[in-house]
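Structure first, commentary second.
The values are calculated or read from the model by the stated rules, or taken from the named source; none is laboratory data. As the structure is a prediction and not an experimental result, all values here were calculated from the model. Cβ placement follows ideal geometry from the backbone for every residue including glycine, while neighbour counts extend to all protein chains displayed. Remember, those area values only see protein heavy atoms, side chains included, never the ligands or the DNA or RNA. Shrake-Rupley method; radii C 1.70, N 1.55, O 1.52, S 1.80 Å.
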Amino acid sequence: MKKSLFFLLLFTLIQVGTAQEITLSNQAKISVLTIAPGSSLNDAFGHNAFRVKDPVNFLDVTYDFGRYDFDAPNFYLNFARGKLNYSIGKEDYNTFLSYYIRTNRTVREQVLNLSQTNKQRLYNDLVINNKPENREYLYDFFYNNCATKIKDLVNNTFPYQVKYHEPDDFEPKTFRALIHDKVGLNTWGSLGIDIALGSVIDIKATPVQHMFLPSYIYRFFTEATIPGDQPLVTSSEVIFQEKKVKAANTFFTSPLFIFGLLGSFVLFITYQDSKTGNRSKWLDFILFALTGLVGIGILLLWFATDHSATHQNYNLLWGFALNILMLSVILREKIKPWFRSYVKFLIIILCLLILHWLIGVQVFAVGLIPLLVALFVRYIYLVRHLKSPR
């Protein structure tokens, strides 16, 4: 009895030790799964995963590169600094699929055209990547994410041999336009992205760079070819089609509406001030504090983080960091003449912002338009008010 238990334990340990060294059968298939966007911001861009199915080895699992841990030490600080680690995850296929069915997100599958050798090579790469010492990678939204990892591993399976062809309806876009396609123009997600990310994302992405988005992995893989002018994908199917849900009217909670109310309020107070010849110091204090703090945040994202997409951010032309130093000046009854020149400078850089927008140097958040108009009018009023004798 003891010998039997010993050999059973030994057999189990051997199985566990070799579980990661499966030789795939000729019935095995490896496919790419593309999941449609979800309702929350972190799901708004979709998702990709590999599926490895081998009935001979009773294997049907997924590998994806979109795992992160909210409870990790300094998660939000590392995210802000551009030092956030993502990791690969392995999951039973049915468990993986059931989650996206529950959350009502379309799942598409593309079976890859792989020889037995390439099948094994790709599977071995996934196994190696899933080892604890290799699991984590430094995340980059545009160049190193759950979609680009899929592309890179496929490219590694066919070194320098995968050719990506543009789909018939392909239209090159800037990185920012690609983001807007997923999150919209007038949403809080797009507002935050458009304020935080600089002009470096207002350049046209190359066709291959479009594949930082999962939907473009699907589109380009459909057209891609491998040696012998063979298609990269042998078959495609929709595994689950999301059910249509009536979209809620969110305009009254959108940035454009909220900032429209705030901008109208600033304009109303400015109009009242012009009628009475007064200056509402509390309003100027709030506006200068707000724009100053935004400017400091932009500078920190630009110079104090490893984020490449936050560089050359001309939101500094309205979120001007030096405004924070003017708070004590604003509260004074008698203001020195140099402050009027300072406000003139703020008007000039707001005009520069409009020029940058018109010529395409940087696209700014649509939701900010009412605030920018209100700032412009308020600054003009301050110049005129500070000129008149009091």
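The figures follow:
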item: Extension gain from TYR143 to VAL238, taking 0.36 nm per residue of separation minus the Cα-Cα distance; result: 31.5 nm
item: Intensity falloff of region 173-230 expressed as log10 I(q)/I(0), Debye formula with alpha-carbon point scatterers, at q = 0.15, 0.27, 0.29 Å⁻¹; result: -0.52, -1.12, -1.19
item: Average projection area in nm² (convex hull over Cα atoms of region 271-390, one quarter of hull surface); result: 7.9
item: Extension gain, LEU267 back to LEU327 (0.36 nm per residue minus Cα-Cα distance, nm); result: 19.6 nm
item: Backbone N under 19 Å from the ARG121 label point (7 Å along Cα→Cβ), restricted to region 143-169; result: 149-164
item: Estimated distance in nm for a label pair at GLU166 and SER280, the labels positioned 7 Å out from Cα along Cα-to-Cβ; result: 5.2
item: Most mobile listed residue (LEU33, LEU261, LEU178) in the chain, GNM with C-alpha springs under 10 Å; result: LEU261
item: Greater than 20 Å apart at Cα, pairs in LYS275/LYS344; LYS182/LYS204; LYS119/LYS163; result: LYS275/LYS344
item: Solvent accessible area, Å² - LEU358, 1.4 Å probe, full protein context; result: 140
item: Size of electric dipole in region 254-390: Cβ of Lys, Arg +1 and of Asp, Glu -1, about Cα centre, debye, nearest 20; result: 780
item: Which labelled figure in (i) 24.6; (ii) 22.0; (iii) 21.4 is Kirkwood radius over Cα pairs in Å, once derived from the coordinates; result: (i)
item: Full-stretch length increase - LYS204, LYS344 - with 0.36 nm per residue and alpha-carbon distance subtracted; result: 46.9 nm
item: Label-point separation in nm, ILE359 to LEU290, each point 7 Å along Cα→Cβ; result: 2.9
item: Value of [θ]222 nm, deg cm²/dmol, for the chain, DSSP H segments ≥ 4, -39500 (n - 2.57) each, nearest 500; result: -14500 deg cm²/dmol
item: Mean accessible surface per residue for the chain, computed with a 1.4 Å probe while every protein chain stays in place, in Å²; result: 54
item: Translational diffusion coefficient (Stokes-Einstein; Kirkwood radius from C-alpha pairs) of region 20-66 at 20 °C, 1.002 mPa s, in µm²/s; result: 177
item: Separation of alpha-carbon centers, region 282-315 and region 339-369, rounded to whole Å; result: 14
item: Long-range amide H partners of PHE45 with built H, under 5 Å; result: GLY38
item: Max mean-square fluctuation residue, GNM over the chain, Cα-Cα springs under 10 Å, options ASN323, ASN313, ASN249; result: ASN249
item: Whole-angstrom gap from region 220-262 to region 177-214, using each part's C-alpha centre; result: 14
item: Global geometry of region 171-299, whether rounded, prolate or oblate, following the gyration tensor of its Cα atoms and the 1.5 cut on a/c; result: prolate
item: Residue of GLY297, GLY260, GLY228 that the Gaussian network model of the chain assigns the largest fluctuation, springs spanning Cα pairs under 10 Å; result: GLY228
item: With every protein chain in place, the chain: carbon and sulfur % of accessible area (1.4 Å); result: 62
